[in-house]
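Peer 1: Structure incoming, see below.
The values are calculated or read from the model by the stated rules, or taken from the named source; none is laboratory data. These figures come from a predicted structure and were not determined experimentally. Glycine also receives a Cβ, built like all others from the backbone with ideal geometry; neighbour counts cover every protein chain displayed.
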Amino acid sequence: MNSLRTLIVDDEPLARSRLRTLLAECDAPAADVIGEAAQAREAEQRLDESPTDLVLLDIHMPGVDGTEFARQLRGRTDAPAIVFVTAHSGHAVTAFELDAVDYLTKPVRAERLQQALQKAERYLKEKRAALPDPNEEVFLIQDRGRAERVPVSEVVYLKSEFKYLTVRTSSRSHIYDASLAEIEERYPDRFVRVHRNALVARSAMRALEKYDDGEDIDGWALRLRGIAEPVVVSRRQLSVVRDALKDLR
C-alpha cells in the first residue's frame, strides 16, 4: 500500500498542526495529509471530495462528537480506518466497539502514532482483501432468506434435479433456481455438457474412466478436481467430453 491518505479532524488548530508535524516524521507507512476539519460536518464534506484511507479523529468537538461521527462513518461503503486522538482516556471502550483501529491520548508521541499507522495499514489490507472482486462472475444463490455469492470459477459441476440445479463446489453443494440450458448458453467456454442433466467445469476435468452405475456396465464417468464422486457421462456426450479433455492437454 502507498502512503495513507489521511484526514485530521479536531476542533483545535494547534492539535491539528501538531499531528501534521508528527505525521511528516512517520514512514512505513507514510501518511499523506489530504485535509483538515474542525467538526464532523466539514469532515464529511472532505470525505465526499477525496478518497480517504484514515481519519485521525478527536472526540470532544462542537456539534456532532467524534464517537457519533464514527458511527455515521461505519455506514459508508468507502468507510476509512479510524484512529481516535483525544485528551480523554475514558472513551477507549466505546472507541473499540466502533471498530477504531487505535486510540491515542494527547500529547501524542511519534512512536505511538507510527504504530497506529501500521495498524491502520494492516486493517485496510485485510478489509480490501475480504471484499468481493466486482469483476468476478458469481451465481447469486438464495439460501434460507439470505443471498450467497458463489464465484462461477469455484463451481465444479451443475446437475439438474427436479426443478432446481445442484451447484457443486469443492467444499459444498448449493440449490440454485435456474436451468442447465441457461447456464450452458451463458458460459459455453467454462462448462461442457456431459449428460442431459449435468454440466461440468472444463477446468475441473481430470480423467474419463469406465464406470458401472448399476444400470450400464459399459458406462463412463468423469473424475473432477476437488471432489471424490464421479459424474456420469452419457453415451451421447462421450465424444464431446473426450474432445474437451484433449483441449486441456
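Peer 1: Restricting the search to the stretch 67-92, which residues are closer than 20 Å to residue 112 by Cα and either surrounded by fewer than 18 Cβ atoms within 10 Å (Cβ to Cβ) or not hydrophobic (A, V, I, L, M, F, W, C) (or both)? First the steps, then the outcome.
Peer 2: So in the stretch 67-92, the residues closer than 20 Å to residue 112 by Cα come out as 80-92.
Across the stretch 67-92, the qualifying residues are 80, 86, 87, 88, 89, 90, 91, 92.
Peer 1: Looking only at residues that are surrounded by fewer than 17 Cβ atoms within 10 Å (Cβ to Cβ) and acidic (Asp, Glu) in the stretch 12-41, which one is farthest from the chain's Cα centre (by Cα)? Reasoning before the result, please.
Peer 2: So the first thing to find is which residues in the stretch 12-41 are surrounded by fewer than 17 Cβ atoms within 10 Å (Cβ to Cβ), and the list is 12-14, 17, 20-21, 24-25, 27-28, 30, 32, 41.
Those left that are additionally acidic (Asp, Glu): 12, 25, 27, 32.
On the way: 12: 37, 25: 33, 27: 28, 32: 25 Å.
Top of the filtered list is 12.
One line per residue, one yes/no per condition, for (1) without any contact (Cβ under 8 Å) to a residue 60 or more places away in the chain; (2) in the same structural domain as residue 152 (by TED's automatic domain parsing); (3) basic (Lys, Arg); (4) under 25 Å from residue 148 (Cα atoms):
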residue	(1), (2), (3), (4)
179	yes, yes, no, yes
190	yes, yes, yes, yes
195	yes, yes, no, no
219	yes, yes, no, no
227	no, yes, no, yes
241	yes, yes, no, no
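Peer 1: What is the number of the single condition among (1) closer than 21 Å to residue 153 by Cβ; (2) out of contact with any Ser or Thr (no Cβ under 8 Å at 6 or more places or on another chain) that residue 242 does not meet?
Peer 2: For residue 242, the failing item is (1).
Peer 1: Is it fair to say residue 217 is in a loop (DSSP other than H, G, I, E, B), of a type in the set (A, V, I, L, M, F, W, C) and at pLDDT below 90? Spell out the reasoning first.
Peer 2: Numbers: in a loop (DSSP other than H, G, I, E, B): yes; of a type in the set (A, V, I, L, M, F, W, C): yes; at pLDDT below 90: yes.
In short, yes.
Peer 1: Sticking with this structure for a sec: Just wondering, is there one or more residues in the stretch 93-106 that are more than 23 Å from the chain's Cα centre (by Cα), of a type in the set (Val, Ile, Thr), crowded, with 21+ Cβ neighbours inside 10 Å and modelled with pLDDT of 90 or more?
Peer 2: Checked the stretch 93-106: no residue is more than 23 Å from the chain's Cα centre (by Cα), of a type in the set (Val, Ile, Thr), crowded, with 21+ Cβ neighbours inside 10 Å and modelled with pLDDT of 90 or more.
Peer 1: Yes or no: residue 192 under 25 Å from residue 248 (Cα atoms), at pLDDT 90 or above and under 27 Å from the mean Cα position of the chain (by Cα)?
Peer 2: Values: under 25 Å from residue 248 (Cα atoms): yes; at pLDDT 90 or above: yes; under 27 Å from the mean Cα position of the chain (by Cα): no.
Against the criterion (under 25 Å from residue 248 (Cα atoms), at pLDDT 90 or above and under 27 Å from the mean Cα position of the chain (by Cα)), residue 192 does not qualify.
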